Amino acid sequence: MRAIKVVGLALAITVGGTTASADDQADWAHFGGDLGDTKYSPLDQINRETIERLKVVWRAPATDPKLLTENPRLSPSNNFRNAPLVIDDVMYLSNQVGQVEARNPGSGALIWRQAELEGAPSLSFTGASRALAHWGEGDTLRIVTIRGPYLYQLNARTGEVVEDFGDNGRVDLRDDPKNLFLWKAPAPIVVKGVIVVGGQPIATGTGDVNKASLTGDVRGYDVRTGEHLWTFHTVPREGEPGTETWENESWRRGGKTKVWSMFSADEELGYVYLPLSAPPSDYYGVSRPGDNLYSDALVALDARTGKKVWHYQTVHHDLWDYDLPTPPMLADIKVNGKLRKAAIQVTKMAYVFAFDRATGEPLFPIIETPVPASTMPGEKASATQPIPVKPEPFDRQGMSEDQLIDFTPALRAEAIEILNNYVYGEMYTAPSVAGGSDGKLGTLYLPGWVGGANWNGAALDPQTGVIYVPSVTVPWIGRDNYRRPPESKLYLEGPRGLPLIKPPYGRITAIDMNSGEHIWMVPNGDGPRDHPALKGLDLPQLGQAGRAAPLLTKEFLFLGEGDLVGISMPKFSGGNMFRAYDKQTGDVVWEVDLGAGTTSPPISYLFEGKQYIVVGIGGVDHPAELVALSID
C-alpha cells in the first residue's frame, strides 16, 4: 500500500521508507527511481488520452562523440546498461567507458564530461556503470561514481572532483595499491551519509573471478570525507558466524559472493539490502562443501555500522549460478490485512521471496523442500532448498518432455531426440559429468542462469502492491567442464534452430503481493513465429527471450524486448519494439520500433513542464544511444 499524507501544501509519498515531495517526483534520482527500486513514476502526462501522441523526440549517443574522435581506436561496447539520473533539471549518466556525463534532459546535449585523472584505467578496460548515486542538494549536490579501482565524488554543476573527498576527489578501493585491479561495474548507493559499495576486484591479466584472492566484500565510506568506515565479509572469516557453512574450512579460499548489480535501501530504517551472488565456481561445488553463506542470500545491513541485521539464503550450495541478480523492491503492502514493510525479491529461479524488511520475517511461508542429490563424484548437493508457498513461480521450472516444443509432430520428435542427450529432471537437478559412462553431455536445467528474472528486475506499484515481472524461459547446460563444452555455447538450440522448449520465451507476469496471487501473464513480443519451420501455423505471440527492464507509471507498464549484445543468449533474444501495456489487463495499448533492442532501464522525468521517457538501446551493429519519447 502507498502511504499518502499532506505536508503543508505539498503532497508527500512514502515508498520503501523514503518520503518525497511532489516536486521531487519530477526527478528520477536513483537507478530504480527511488531507493526502494520500485521503477515507478507517479507522473501522468502520458495517459490513456495522450498515449497515441507519444513519439520519439530526440536521440543522443550514449558517449560524447568527441571522446571517440580523440580516441579513434576505442571501440566501446554497445551493451549500454546505465540508467541515467535526472536531478534538478540535469541528466547524469555513466557513458560507455564509465565516465560521468551531464546532459540536457530536453535534448540529450552534453553539458560536461568527467575528466581523466592521473592513474585512471585505460578507456579500453572500463565500461558503463549500471548506476550512479548522488548526495546533497543545490550547490552542494554531488555525483558519486566508481570507475576502475576508484570511488569518485564530483561537483554536479561542473563535473570537477570534490577535492575534500578522499585523496583529491577519489578513494582507491584496492586493498593493496601495488596490485593491478579493475572494479567490475558496480553501482554505489548513499544511505544515512554512507556510500555503500559492492562489486568485485578482478586481477588484471587473469580475469579469473573465482580466484581465492578476489573478495566480494561490501564496504561503507563516509560521504563527506571518503573515510573507510566498515567492511562486511560476504564470505565469513575466522571467528565470524557462518564459517561452519563452508566445510573443511573452505571459507579460507573465499572468492566471488558479491553484489554485482545494485542495492536498495530504506533511509528511515537506515538499512541497505544486498542481493548476493553465487560462490565460486558457479556450477561446481566439490571444493566448497556446505551451504556457503552468504552466497545467494539477501542480507540487510545497518548502513551506519555495516552490522548485519538479518539475512535469508535463497539457494543452498549453489550449483546453477542462481545468484540474486537484482535488489529487492521496497514498499508497504497489506498481507493478510496487515500493513507490512516489505522487501520483495525476484529471482533467477522464478520464485518471489517476500520479507518484512525490518526483521527478515517471511511474509508468506517458505518450506525447506527435498531436492535431487548430485551424481557428480565428490559433489554434495544440499538435501533441501527453500521454496515459497506463495506466490506461485512466475516462469516454468524443471526439464521434462512436457516442456518441449510441439508445434508439429516432427519438431517434437526432434526435440525429444535432443533432450535425451542430457540428464534432466525436476527443479534443482544438479550438474553432471559430461561424457561419462552414460554417454550424457551434462544436465539440462530450467530456468537457466539467465533466469527467470535477471538484473533488469521487476517493477512494483506502491498504490496497489502489484508487481510486474519480466522473465525469460531459457534452459541451460550444467556440467563439470562447463568452460569447454562439446557445444559452442551452453545455451542449447532446439530443432532446426528453434528453441527447444514451448513458448512463451519472454513473458510478463502481474502478481498481487497483498495476496500472493497471479493476476495475468502475457508474452512479450513476437518471438520466432516467422521461422520457416513454423510457416503456415498462424501462431500467436511467442515472446522474445531478451532481458528488458520495466518502467511503471500510473496507467502503464513500459517494456522493451531487450537486446542480443555481449552475452551468449539464444538467437531469438531481443527485439526492437518498445511497448506500453495496460497494467490491469496486460493488453498492448501502444508500441514503437526503436531501431535496436533496449539495453538499459527506461526512466521517466519532468523537464520544463513536459514528461519524458528515456531508454538506452544498442546492438551488434547499432551504436549505443539514448532515445527520448514524449507527447507531441
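The tail of the calculated P(r) for the stretch 550-632 beyond 14 Å holds 63 percent of all Cα-Cα pairs. Placing +1 on each Lys and Arg Cβ and -1 on each Asp and Glu Cβ, with no other charges, gives the chain a dipole about its Cα centre of roughly 500 debye. Ignoring ligands, DNA and RNA, please state the percent of accessible area on the chain from carbon and sulfur, probe 1.4 Å. The computed percentage sits at 50.
Each listed q (0.28 Å⁻¹) maps to a log10 I(q)/I(0) for the stretch 31-99, found by the Debye formula over equal Cα scatterers with no solvent: -1.29.
Dipole orientation for the chain: of the candidates SER281, PHE607, ASN95, SER281 has the Cα lying most toward the positive pole (charges on Cβ; Lys, Arg +1; Asp, Glu -1). Taking one quarter of the surface of the convex hull spanned by the alpha-carbon atoms of the stretch 371-432 gives a direction-averaged projected area of 5.4 nm². Compactness of the stretch 508-596 is given as radius of gyration and Dmax, 14.2, 44 Å, from Cα positions.
For the chain, the relative contact order comes to 13 percent (Cα pairs under 8 Å, sequence separation of at least 6).
Report D for the stretch 310-428 in µm² per second (integer): Stokes-Einstein, Kirkwood Rh on Cα pairs, 20 °C, 1.002 mPa s. It would help to have the intermediate numbers written out before the result.
Details: Rh = 16.7 Å.
The Stokes-Einstein estimate is 128 µm²/s.
Under a point-charge model restricted to the Cβ atoms of Lys and Arg (+1) and Asp and Glu (-1), what is the dipole moment magnitude of the stretch 212-335 relative to its Cα centre, in debye to the nearest 20? Approximately 220 debye in magnitude. Note on the stretch 574-626 and the stretch 213-233: Cα centroid distance 35 Å, given to the nearest whole angstrom.
When each of the peptides 331-339, 459-467, 273-281, 613-621 is scored by the mean number of other C-beta atoms lying within 10 Å of its residues, the order from highest to lowest reads 273-281, 459-467, 613-621, 331-339. Ordering 256-266, 374-384, 598-608 by mean Cβ neighbour count within 10 Å, with the highest value first, yields 256-266, 598-608, 374-384. The stretch 91-163 and the stretch 37-63 have Cα centres lying 24 Å from one another. Which residue, TYR581, THR225, VAL450, has the largest displacement toward the positive end of the dipole of the chain when charges sit on each Cβ (Lys, Arg +1; Asp, Glu -1)? Farthest along the dipole direction, towards plus: VAL450.
Could you state the orientation-averaged shadow area of the convex hull built on the Cα atoms of the stretch 31-149, in nm² to one decimal?
Values: hull surface 37.0 nm².
Its average projected convex-hull area is 9.3 nm².
Taking all C-alpha pairs of the stretch 385-533, those more than 24 Å from each other amount to 39 percent. When you restrict to C-alpha pairs under 8 Å that are six or more residues apart and normalise by the size of the stretch 426-547, the relative contact order lands at 22 percent.
Charge dipole (Cα centre; +1 on Lys/Arg Cβ, -1 on Asp/Glu Cβ; no other charges) of the stretch 312-433 amounts to roughly 680 debye. Judged by the mean number of other Cβ atoms found within 10 Å, the most tightly packed of the peptides 139-147, 244-252 leads the ranking 139-147, 244-252. Size descriptors for the stretch 260-353: radius of gyration and Dmax over Cα atoms are 14.3, 47 Å.
Computed over protein heavy atoms with a 1.4 Å probe, the accessible surface of the chain works out to 36 Å² per residue. The Cα-based radius of gyration and maximum Cα-Cα distance (Dmax) for the stretch 100-176 are 12.8, 44 Å. Ranking GLY616, LEU539, ALA373 by Cα position along the charge dipole of the chain, where only Lys, Arg, Asp and Glu carry charges on their C-beta atoms, puts ALA373 farthest toward the positive end.
Stick to the Cα atoms of the chain, pair each with every other, and give me the Kirkwood hydrodynamic radius in Å at one decimal. Can you show the working numbers first?
Working: mean 1/r = 0.0404 Å⁻¹.
Answer for the chain: a Kirkwood hydrodynamic radius of 24.7 Å.
The convex hull defined by the C-alpha atoms of the stretch 240-294 has an orientation-averaged projected area of 4.6 nm².
The values are calculated or read from the model by the stated rules, or taken from the named source; none is laboratory data. Just so it is clear, the structure is predicted and the values come from calculations on it, not from any experiment. Here Cβ is always computed from backbone atoms with ideal geometry, including for glycine, and neighbour counts include all displayed protein chains. Just the protein is used for accessible areas: all its heavy atoms, side chains included, with ligands, DNA and RNA removed. Shrake-Rupley method; radii C 1.70, N 1.55, O 1.52, S 1.80 Å.
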